[in-house]
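Throughout, read-outs are computed from the coordinates displayed, never taken from laboratory work. Not measured: the values here are computed from a predicted model. No Cβ is skipped: glycine too gets one built from the backbone with ideal geometry, and neighbour counts run over all protein chains shown.
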Amino acid sequence: MEFHEAVRSRQSIREFKPDPVAPEVLLRLLEAFRAAPSWANVQPWELILVQDPELRRRLQQTLSPGNPATKAVAEAPVLVAAVGIAGRSGWYKGESVTARGDAWMLFDLGIACEHLALAAAAEGLGTVHAGYFDFAKAGEILGVPAGRSVVELIPVGWPARLPRRVERKPLAELVSLDRHGNPFPLPAAPSGSGERPPSRDGGPLSAAR
Ligand SMILES: Cc1cc2nc3c(=O)[nH]c(=O)nc-3n(C[C@H](O)[C@H](O)[C@H](O)COP(=O)(O)O)c2cc1C
């Protein structure tokens, strides 16, 4: 699939067919994750593929009440747990070199997880980034050692159905020229460009449908 098509087609999928994901397809997703850039190429990450149904069930219980990804964590044919390693991204000789501390580790994981999600979309697979869970408990369940933490759970599989798309702010609301808030003269979007108008905030899970 062409890159922009994959970007446009990706949307959060939380209901999956039971059909398995072939190992060579899964490998392409993992390679996409591995190819991601990171702070000074420190690659502050590891992945755990969680297959054991009992572990899946226990992980499910770490999700915050009402989290719409709950079912997917147990039922998706593949569950990827993305683990971040602290003290690397944004660090030099044992010291954090920016005021953002380990936030750079989360930033790096975000890039890599989205690489995986876009690679999945290019295969016609669905994913959802699930971040609203008790990461300390998830780490215990998966035997993640100190200095590392589970950053995201990513259910992966063939979509059972495509949900209604959630909207996006128009570019004019987020792009400035030279100084914050100074309008950038945007060319008119071609019709059918897939632009999404804004969604409204209704709480931590409002857009998660
Ligand atoms: C860092 C991050 C954490 C997220 N956590 C959850 C989550 O815990 N549960 C869930 O159902 N969706 C979660 N989502 C999915 C978002 O709700 C979704 O990406 C957003 O509403 C936009 O919808 P779309 O992905 O369909 O374009 C998360 C997304 C991101 C990027």
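Semi-axes of the equivalent ellipsoid for the chain, please: Cα gyration tensor eigenvalues, times 5, square-rooted, ordered largest first, whole Å. Intermediate results must be reported in sequence, preceding the final value.
Numbers: eigenvalues 158, 120, 59 Å².
Here the semi-axes work out to 28, 24, 17 Å.
Taking only complete DSSP H runs, can you tell me which helices of the chain stretch 27 Å or more along their own long axis by Cα positions and average at least -0.5 on the Kyte-Doolittle scale?
Working: long enough: 103-122 (28 Å, 1.40).
Result, helices passing both filters: 103-122.
Need the list of lysines near Lys71 for cross-linking: C-alpha distance under 27 angstrom, and skip anything on the same chain fewer than eight residues off.
Straight-distance partners of Lys71: Lys17, Lys137.
What's the longest bit of the chain with no exposed GluC sites (Glu not before Pro), using DSSP loop states and at most 16 other Cβ atoms within 10 Å as the test?
Working: sites that count: Glu2, Glu167, Glu195.
Result for the longest clean stretch: 3-166.
So which lysines can Lys169 reach, going by Cα to Cα under 25 Å and dropping same-chain residues fewer than 8 places off?
none
Build a GNM of the chain with springs between Cα atoms under 10 Å: which of Ser176, Ser12, Ser96 gets the top mean-square fluctuation?
Of Ser176, Ser12, Ser96, the most mobile in the Gaussian network model is Ser176.
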